[in-house]
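The values are calculated or read from the model by the stated rules, or taken from the named source; none is laboratory data. All of these numbers come straight from a predicted model, not from anything done at the bench. Counting neighbours? That spans all protein chains shown, and the Cβs are built from the backbone with ideal geometry, glycine included.
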Amino acid sequence: MSDGVKLSIVVPCYNEEEVLHETTKELTNILSGLMNASKISKNSKIVFVDDGSKDKTWALISEFSDKYNCVSGVKLSRNFGHQGALLAGVTTASEDSDAVITIDADLQDDVNAIPKMVNEYLQGAEIVYGVRNNRDTDTAFKRGTAEMFYRFMGFLGVKLVPDSADYRLMSQRACKVLLSYKERNLFLRGIVPLVGFKSAKVFYARKERFAGVSKYPLHKMIKFAIDGITSFSIVPIKMIMGLGFFIVLISIVLLIYSLVQKINGNVVEGWSSLMISIWALGGVQLISISVIGEYVGKIFSEVKGRPRFTIERDIYTEKTQQENKR
């Protein structure tokens, strides 16, 4: 079993020079421990994916790949976003790896959960989700909005694993199925549960970021949530239709009320009600057009069929080919 199970740990990186030394140290220690315990192959790798970083991230990845046999890297030609970088790493690593783990570079996800994930895989699970056992490190605002998001996605019928981000293990077969989903509007947290196969959960406590700043400020989190909603459900469009019928019903009631008042001679001339109606309906129309436009924009993006990522340099494949020649 130890000779056959090759594990690759995919780590997307964007301007992560402040954390890469510590991340490499912790992940290499985890890999060494698993290798010494004969849980994984000696050819297992850490695959750093440089997502168009503007600092010394790629220089450090290249340095570590020369220094450590178990470290390799993939450099994207530009910034494709966190989800695109994850997909690039999974695409590259799953070619010859039995299992792939994805984890962020900031060390907030506890690397000590990796051996537990490997154990679940060895016991037959093809997808192992890393799930936070609490949100103590989050602000009250972030905890509240996260809970609202998961509830709303559940209301829309989207199957997510609550408190699970992009920290997970997938077998090679699960990775291949994931890569068969060709949409450009990536929301991996929603796509992975669609893959199916036997799954398991490993719980861990999320830590504070080791160094640097978050790559997901509020505006990116909002965009990420909108992408998740519009990529998996058309319920918002149906809600617009329901809102339209509701407004029409109110207008009919107001029409009848106005006619009754006119017959009774109680008509009061004024502009307040008229202005309120115009502003209210105008706002509803703009929101409705925006929601529909979001879906149209996604269709526009999908039909163009542009690459989801472009690889400039692939040290992982280079190392693998050298190992195969030995």
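Does V10 satisfy being surrounded by fewer than 23 Cβ atoms within 10 Å (Cβ to Cβ), aliphatic (A, V, I, L, M) and in contact (Cβ under 8 Å) with a residue 12 or more places away in the chain?
Criteria not met by V10.
Name the single residue that is surrounded by the fewest Cβ atoms within 10 Å (Cβ to Cβ) among those in segment 111-126 being among the charged types (D, E, K, R) and either farther than 21 Å from L87 by Cα or without any contact (Cβ under 8 Å) to a residue 24 or more places away in the chain (or both). Please lay out each step first, then the result.
Here is the first cut: in segment 111-126, the residues among the charged types (D, E, K, R) are 116, 120, 126.
Restricting the remaining residues to those that are either farther than 21 Å from L87 by Cα or without any contact (Cβ under 8 Å) to a residue 24 or more places away in the chain (or both) gives 116, 120.
On the way: K116: 18, E120: 20.
Filtering segment 111-126 for residues that are among the charged types (D, E, K, R) and either farther than 21 Å from L87 by Cα or without any contact (Cβ under 8 Å) to a residue 24 or more places away in the chain (or both), the one surrounded by the fewest Cβ atoms within 10 Å (Cβ to Cβ) comes out as K116.
Which of the numbered conditions does I103 fail, given that it passes all the others? Conditions: (1) farther than 30 Å from E18 by Cα; (2) crowded, with 20+ Cβ neighbours inside 10 Å; (3) modelled with pLDDT of 90 or more; (4) of a type in the set (A, V, I, L, M).
Result: I103 passes all but (1).
Pick out the one residue from D96, D51 that is surrounded by 24 or more Cβ atoms within 10 Å (Cβ to Cβ), in contact with a Lys or Arg (Cβ under 9 Å, 6 or more places away or on another chain), within 17 Å of I9 (Cα to Cα) and among the acidic types (D, E).
Of D96, D51, the one residue that is surrounded by 24 or more Cβ atoms within 10 Å (Cβ to Cβ), in contact with a Lys or Arg (Cβ under 9 Å, 6 or more places away or on another chain), within 17 Å of I9 (Cα to Cα) and among the acidic types (D, E) is D51.
Which members of segment 239-263 meet the condition of being charged (D, E, K, R) and modelled with pLDDT of 70 or more?
Listed by number, the list is empty, since nothing qualifies.
Those residues that are modelled with pLDDT under 65 and either surrounded by 10 or more Cβ atoms within 10 Å (Cβ to Cβ) or assigned to a helix (DSSP H, G or I) (or both), I need them from segment 266-299; list them, please.
Selection gives V267, S272, S273, M275, I276, W279.
For segment 25-48, indicate whether the set of residues that are aliphatic (A, V, I, L, M), surrounded by 23 or more Cβ atoms within 10 Å (Cβ to Cβ) and modelled with pLDDT under 90 is non-empty.
Within segment 25-48, one or more residues are aliphatic (A, V, I, L, M), surrounded by 23 or more Cβ atoms within 10 Å (Cβ to Cβ) and modelled with pLDDT under 90.
Can you give me the number of residues within segment 180-200 that are farther than 15 Å from I101 by Cα and either of a type in the set (A, V, I, L, M) or more than 18 Å from the chain's Cα centre (by Cα) (or both)?
Number satisfying all stated conditions: 6.
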